[in-house]
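This report concerns only the one structure given below.
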């Protein structure tokens, strides 16, 4: 009896060595996943969030902000590599600078996912679970169509923030605030 051929699982190193074809990819348990193009609005929202975070973090020397090309290895064997739209890592957790040309082999402290029209609720919730399982302390899921942000915490609770509310950085970015209305302005 013939045994069906299986596609070998890729590793984070395999993904890093792939030639740049103009697309963005993640690894989901060793399987290559091409990320859809972001809409203009999703990109604009991610920039607004990252700009506000960067100004706060940089002024205080708290750590590092990455955008849509900041990749993190959340799990090994099989490898899970995720690329949040915005992320923050505290300075004391960052590896030496010579390792920054690779994917970071750690979970960010805060991850932001901006939902695009092509994203499914299930995919978004799966990513939230992966982030929290990997040790991310805050996950913000931004839903432009609803002008809403859902913040997920390590204890698996969630809080909804609407246009009239203000997000905060909690224990990860103490003192950081961002009015939800400003995200969508």
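Projecting the alpha carbon convex hull of the range 134-180 along each direction and taking the average yields 3.4 nm². A simple packing score, the average count of other Cβ atoms within 10 Å per residue, orders the peptides 123-130, 136-143, 71-78 as 136-143, 71-78, 123-130, with the highest score first. Taking the C-alpha atoms only, the angle from helix 40-60 to the longest principal axis of the chain is near 70 degrees. Among 85-95, 36-46, sorting by the average number of other beta carbon atoms lying within 10 angstrom of each residue, highest first, gives 85-95, 36-46. Between the range 19-92 and the range 104-176, what's the alpha-carbon centroid distance in Å? Spelled out, the Cα-based centre of one part sits 13 Å from the other.
Where the alpha-carbon atoms of the range 6-91 are placed on the principal axes, they occupy 49, 30, 19 Å, in descending order. Calculated mean residue ellipticity, 222 nm, the chain: -7500 deg cm²/dmol, from DSSP H runs (n ≥ 4) at -39500 (n - 2.57) each, averaged per residue and rounded to 500. Remark: relative contact order (the chain) = 16 percent; criterion is Cα-Cα distance under 8 angstrom and separation of 6 or more residues.
Figure legend: label point modelled 7 angstrom from the Cα of residue 163 along Cα→Cβ; residues of the range 93-133 with amide N under 20 Å from it are 115-117.
Mean sequence separation of contacting Cα pairs (under 8 Å, at least six apart), scaled by the length of the range 79-131, corresponds to a relative contact order of 42 percent.
The orientation-averaged projection of the convex hull spanning the C-alpha atoms of the range 91-133 amounts to 4.1 square nanometres. Length, then width, then depth: along the principal axes, the Cα atoms of the chain run 63, 37, 34 Å.
None of the figures in this text is laboratory data; all of them are computed from the coordinates on show. Model, not experiment: these values are computed from the prediction. Backbone-built Cβ (ideal geometry, glycine too); neighbour counts: all protein chains shown.
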